[in-house]
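Student: Dumping the structure here so I can ask a few things about it.
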Amino acid sequence: MQKNYTPPQQLPSILRSLESCKSMEDLKQIHSIILKTKHFQTQLVWTKFISFCALSPSACTKAKALREGEGIHCYSVKTGVLSDVYVKNTLMRLYAVCGLCHAVKKLFEGSAQRDLVSWTTLIQAYANMDLPEEAVRVFLEMGETELRADEMTMVIVLSACSKLKDLNLGRKLHWYMSDNKVNLDVFVGNALVDMYLKCGDVDFACKVFKEMPEKNVVSWNSLIAGLTHQGKCKEALNVFRRMQSEGVKPDNVTLVGVLNSCANLGVLELGEWVHSYIGRNPIKPDGFIGNALVDMYAKCGRIDQAFEVFKNMKKRDVFSYTSMIVGLAMNGQGEKALQFFSEMSMVGVKPNGVTFIGVLSACSHVGLVEEGKRHFKEISSLYKIEPQMEHYGCMVDIFGRAGLIAEALEFVRIMPIEPDAFVWGSLLGACKTYGRVELAETIMKKLIEVEPDKDGAYVVMSNIYSSANRQKDAIQIRKTMKQRKMKKIPGCSVIELNGVIHEFRRGDKSHLRTKEIYSMLDEVMNRLTVEGFMTKTSDVSVDLVHVEKAQSLCQHSERLAIAFGLISTKSRTPLRIIKNLRVCSDCHCVTKFISRVYQREIIVRDRNRFHHFIDGSCSCNDFW
DNA sequence: GTAGGGTTAG
């Protein structure tokens with residue numbers, strides 16, 4: 001190595017050439033100049049040169065960089081330049097960027113001198129190739145040497161740990177950091193917040209976030225996206241509001257996180273605000289943002305707006321199409337969903353597993369049995385995707401809803417994976433729709449086996465007994481639930497008014513306008529009687545009105561939300577309700593009634609799909 | 001003066 005050989009005034013010229021290098025030709029030329037000019041052949045120049053090959057996607061593709069790198073590699077071996085740790089680490093980096101873990105490992109293992117950067121580069125190579133276990137293994141191996149990780153190493157190891165979702169490991173890494181005096185700089189802090197969230201420790205993530213001495217937009221993004229991912233969408237939106245009030249400017253990543261939370265919660269107003277914010281700021285509604293907008297509108301029941309964004313996007317990928325397909329399916333527009341699916345194949349966008357969940361649920365909602373069967377077959381035969389539990393569940397649903405109970409049972413019998421609660425639940429639902437009480441009893445037992453501590457099976461079974469006029473059995477089931485202290489998933493409905501999210505639980509009395517809400521409900525039920533609505537509904541038990549009055553203290557959450565919507569908005573304003581469970585048939589009836597008598601469009605998103613109630617009927621055609 | 005860093009979708 002000829003470190004101090006170069007006359008200092010000549011050295012910057014080649015470095016300047018490197019910086020202004022714009023094409024592969026330039027790079028090759030520079031390479032040959034270096035090879036011809038002995039005094040250029042220094043550690044610094046080689047390091048810069050290789051680094052340039054590795055890191056400049058404008059100048060060359062990975063494959064070209066790789067070829068160049070291999071040339072340098074041979075040359076370095078011949079001349080002995082490779083014995084220099086800087087050159088070697090940079091070459092390792094080049095291979096890492098090209099995804100060649102094996103080459104990185106080989107260089108690393110053949111190296112007599114390994115510093116922290118060598119270890120970190122190897123760890124990074126594994127982490128980037130989606131081999132987080134290997135990355136962590138190498139990190140632990142480094143612990144057996146005298147080297148200790150610094151901030152940069154920790155960031156990479158923490159992000160590998162996030163991928164593994166291993167909270168125990170994450171905690172150990174955190175301890176390692178305090179033992180080895182790794183600073184909580186903004187990168188490390190962000191990686192820690194992300195790690196705790198992905199590993200499911202929301203409280204600790206918030207604690208780290210709070211204690212970070214320096215924050216940037218990525219810190220906020222990590223928290224918002226992480227909370228959204230953990231299903232803490234309301235919290236995520238609160239963090240966004242705090243971010244706004246602290247004057248931190250959101251970027252694309254922030255807005256994608258916010259839109260996802262809006263989609264999950266079904267809060268259209270804030271979603272629309274984000275859309276207008278994008279319009280007012282230099283953010284293109286494309287890629288991640290475009291897809292998140294499509295998804296938000298679709299999940300908020302505005303499929304028209306979803307399509308508007310979709311068609312204006314420059315590039316539509318599998319995410320854009322899948323959002324539309326899933327959205328259309330949820331909104332009961334199964335045929336259109338299938339049209340999007342065929343368009344997608346025509347323009348050459350390859351579907352994935354989630355796309356097929358959308359396709360099959362579209363078939364299920366519309367009752368297209370043969371289409372569903374054909375698409376299910378194609379998942380593996382044509383698209384080489386292994387069907388997952390959700391796909392089997394959809395098929396059972398398709399058969400069950402169409403009343404093909406025998407087919408559904410046979411499908412479950414021969415499916416290659418053990419059926420889960422969703423599959424048994426679908427079957428149980430079918431038994432309810434088609435009055436198969438005895439079969440329901442068998443299936444309920446299966447459902448309880450796979451989901452012993454949830455109430456779903458009991459609730460449906462008790463409803464099945466009720467509809468079959470077996471009140472005694474229904475009451476018995478309710479008793480059993482009480483005895484076994486079943487975990488009940490509380491029904492919860494949300495309505496957004498002027499940007500404020502109002503949440504109602506069953507029988508909720510915590511709202512500021514509770515009195516008005518309940519008197520509105522009374523009025524609704526009285527009008528129901530007067531209009532004789534009950535006589536028009538065959539699927540609801542005869543003394544619905546009587547029972548409702550008796551149970552006036554424990555109203556279902558969506559009725560509270562609707563009543564609140566009626567008293568808080570101008571006449572004819574559509575009401576949008578999001579419910580965490582499925583709508584029960586009683587509430588479905590009552591909502592149809594309200595939509596007619598009060599002339600309100602009511603859009604309810606339940607756990608599975610949308611119900612658009614207009615003038616006494618529902619878009620699901622009472623089939624859900 | 002040289003090499004290694006965090007967040008985003010269905």
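The values are calculated or read from the model by the stated rules, or taken from the named source; none is laboratory data. Fair warning: this is a prediction, and the values are worked out from it, not measured in the lab. Ideal geometry is used to build each Cβ from the backbone, glycine not excepted, and the neighbour counts take in all protein chains shown. These accessible areas exclude ligands, DNA and RNA; they are computed on the full protein's heavy atoms, side chains included. Shrake-Rupley method; radii C 1.70, N 1.55, O 1.52, S 1.80 Å.
Student: Report, ordered by chain and residue number, the aspartates and glutamates lying within cross-link reach of A:K78, taken as a straight Cα distance under 19 Å and ignoring same-chain residues fewer than 8 apart.
Tutor: List returned: A:E68, A:E70, A:E109.
Student: Using 7 Å Cα-to-Cβ label points, what is the A:V85/A:V530 separation (nm, one decimal)?
Tutor: Roughly 8.8 nm, to one decimal.
Student: Now for a separate question. May I ask for the angle, rounded to the nearest 10°, between helix A:116-128 and the longest principal axis of chain A, with both axes built from Cα atoms and the value confined to 0 to 90°?
Tutor: 40
Student: Under 13 Å from the Cβ of A:K181, count the other residues' Cβ atoms, weight Lys and Arg +1, Asp and Glu -1, and hand me the total.
Tutor: Combined, the nearby Lys, Arg, Asp and Glu give -3.
Student: Between A:E144 and A:A406, what is the label-point separation in nm under the 7 Å Cα-to-beta-carbon projection?
Tutor: 6.4
Student: Still on this structure: Round to the nearest 10 and give me the degree value, 0 to 90, for the angle of helix A:318-330's Cα axis relative to the longest principal axis of chain A.
Tutor: 10
Student: Between A:L497 and residues 5 or more places away or on another chain, which pairs have amide H atoms under 5 Å apart, with H built 1.01 Å from N, and which residues are they?
Tutor: Amide H to amide H, under 5 Å and 5 or more residues apart or across chains, A:L497 pairs with A:H502.
Student: In whole Hz, with x marking every Gly and Pro, tabulate ³J(HN,Hα) for the range A:304-310 from phi via Karplus 6.51 cos²θ - 1.76 cosθ + 1.60, θ = phi - 60°.
Tutor: Working through the residues one at a time gives 4, 5, 4, 5, 4, 5, 3 Hz.
Student: Here's a follow-up. Tally the DSSP beta bridges in chain A and give the antiparallel ones as a percent, rounded to 5.
Tutor: 75
Student: Using 10 Å bins from zero, what percent of all Cα-Cα pairs in chain A falls into each bin?
Tutor: Reading upward from the zero bin: 3, 13, 18, 22, 18, 11, 7, 4, 2, 0, 0.
Student: Between A:S32 and A:F623, what is 0.36 nm times their sequence separation minus the Cα-Cα distance? Round to one decimal in nm.
Tutor: 205.5 nm
Student: Once the whole set of protein chains is in place, how much accessible area is left on A:C618, using a 1.4 Å probe, in Å² to the nearest 10?
Tutor: That residue has around 10 Å² of solvent-accessible surface.
Student: Rounded to the nearest Å, what's the spacing between the alpha carbon centres of the range A:399-439 and the range A:242-289? Just the number, please.
Tutor: Each part's Cα centre sits 41 Å from the other's.
Student: Between the range A:323-389 and the range A:590-607, what is the separation of their alpha carbon centroids in Å?
Tutor: 29
Student: Follow-up. Sum -39500 (n - 2.57) across every DSSP H segment of at least 4 residues in chain A, then divide by the residue count to get the 222 nm mean residue ellipticity, nearest 500.
Tutor: My calculation for chain A gives -20500 deg cm²/dmol from helical runs alone.
Student: Go through the range A:388-486 and name the chymotrypsin sites (Phe, Trp or Tyr not before Pro) that are in a DSSP coil and have 16 or fewer other Cβ atoms within 10 Å of their Cβ.
Tutor: A:Y434
Student: For the range A:221-236, take each phi angle, set θ = phi - 60°, evaluate the Karplus expression 6.51 cos²θ - 1.76 cosθ + 1.60, and give the result in whole Hz per residue in order, putting x for glycine and proline.
Tutor: For the range A:221-236, the Karplus-derived couplings read 4, 4, 5, 5, 5, x, 5, 4, 5, 7, x, 8, 6, 4, 4, 4 Hz, x marking Gly and Pro.
Student: Please list, in chain and number order, the residues 5+ apart from A:H611 or on another chain whose amide H is under 5 Å from its amide H, with Hs placed from the backbone.
Tutor: A:V604, A:R605, A:D606
Student: Extension gain A:E214-A:N498, at 0.36 nm per residue separation less the Cα-Cα distance, in nm?
Tutor: 98.9 nm
Student: So, one more: Explain nothing, just the number: dipole magnitude of the range A:216-315 about its Cα centre with +1 on each Lys and Arg Cβ and -1 on each Asp and Glu Cβ, in debye rounded to the nearest 20.
Tutor: 100
Student: How about the range A:201-298: which GluC sites (Glu not before Pro) there lie in a loop by DSSP and see at most 13 other Cβ atoms within 10 Å?
Tutor: Filter output for the range A:201-298: A:E214, A:E246.
Student: Quick one: 3J(HN,Hα) in Hz for the range A:593-601, Karplus 6.51/-1.76/1.60 with θ = phi - 60°, rounded, Gly and Pro as x.
Tutor: Once rounded to whole Hz, the list reads 4, 4, 4, 7, 5, 9, 6, 10, 7.
Student: Quick one: of A:K482/A:K515; A:K446/A:K485; A:K488/A:K579, which pairs are farther than 25 Å apart, Cα to Cα?
Tutor: Check vs 25 Å cut-off fails for A:K482/A:K515.
Student: Any chance you could tell me what percent of the C-alpha pair distances in the range A:402-518 go past 20 Å?
Tutor: Tail of P(r) above 20 Å: 54 percent of Cα pairs.
Student: Continuing with the same structure: Relative to the longest principal axis of chain A, what angle (0 to 90°, nearest 10) does the C-alpha long axis of helix A:389-401 take?
Tutor: Relative to chain A, helix A:389-401 is tipped by roughly 20 degrees.
Student: Once you've got the Cα coordinates, tell me which of A:K172/A:K232; A:K311/A:K592; A:K198/A:K592 are over 31 Å apart.
Tutor: Check vs 31 Å cut-off fails for A:K311/A:K592; A:K198/A:K592.
Student: Moving on. Using the beta-carbon distance between A:E70 and A:N168 and R0 = 30 Å, what value does 1/(1 + (r/R0)^6) give for FRET efficiency, to the nearest 0.05?
Tutor: Working from the Cβ atoms, E equals 0.15.
Student: For the modelled label position 7 Å from the Cα of A:E516 along Cα-to-Cβ, which residues of the range A:565-602 have backbone nitrogen atoms closer than 14 Å?
Tutor: Zone members listed by number: A:565-571.
Student: Express in Å², to the nearest 10, the accessible area of A:T79 obtained by rolling a 1.4 Å probe over the protein heavy atoms while all chains stay in place.
Tutor: Approximately 70 Å² for this residue.
Student: Could you give the radius of gyration (one decimal) and Dmax (whole number) of the Cα atoms in the range A:216-315, in Å?
Tutor: Both quantities, over Cα of the range A:216-315: 12.5, 36 Å.
Student: Enumerate the aspartates and glutamates that A:K207 could reach by cross-link, defined here as Cα to Cα under 20 Å, with residues fewer than 8 away along the same chain left out.
Tutor: The reachable aspartates and glutamates, counting only those whose Cα sits under 20 Å from A:K207, are A:E151, A:D166, A:D179, A:D185, A:D194, A:E235, A:E246.
Student: While we're looking at this one, here's another question. Under 5 Å between amide hydrogens, which residues at least 5 positions from A:L575 or on another chain qualify, with H placed 1.01 Å from N in the peptide plane?
Tutor: For A:L575, the qualifying residues are A:E601, A:I602, A:I603.
Student: Let me ask something additional. Averaged per residue, what accessible area in Å² does the range A:212-326 show with a 1.4 Å probe, protein chains only?
Tutor: 44
Student: Heavy atoms only, probe 1.4 angstrom, no DNA, RNA or ligands counted: give me A:Y126, A:Y75 ranked by accessible area, highest first.
Tutor: My answer, sorted largest first, is A:Y75, A:Y126.
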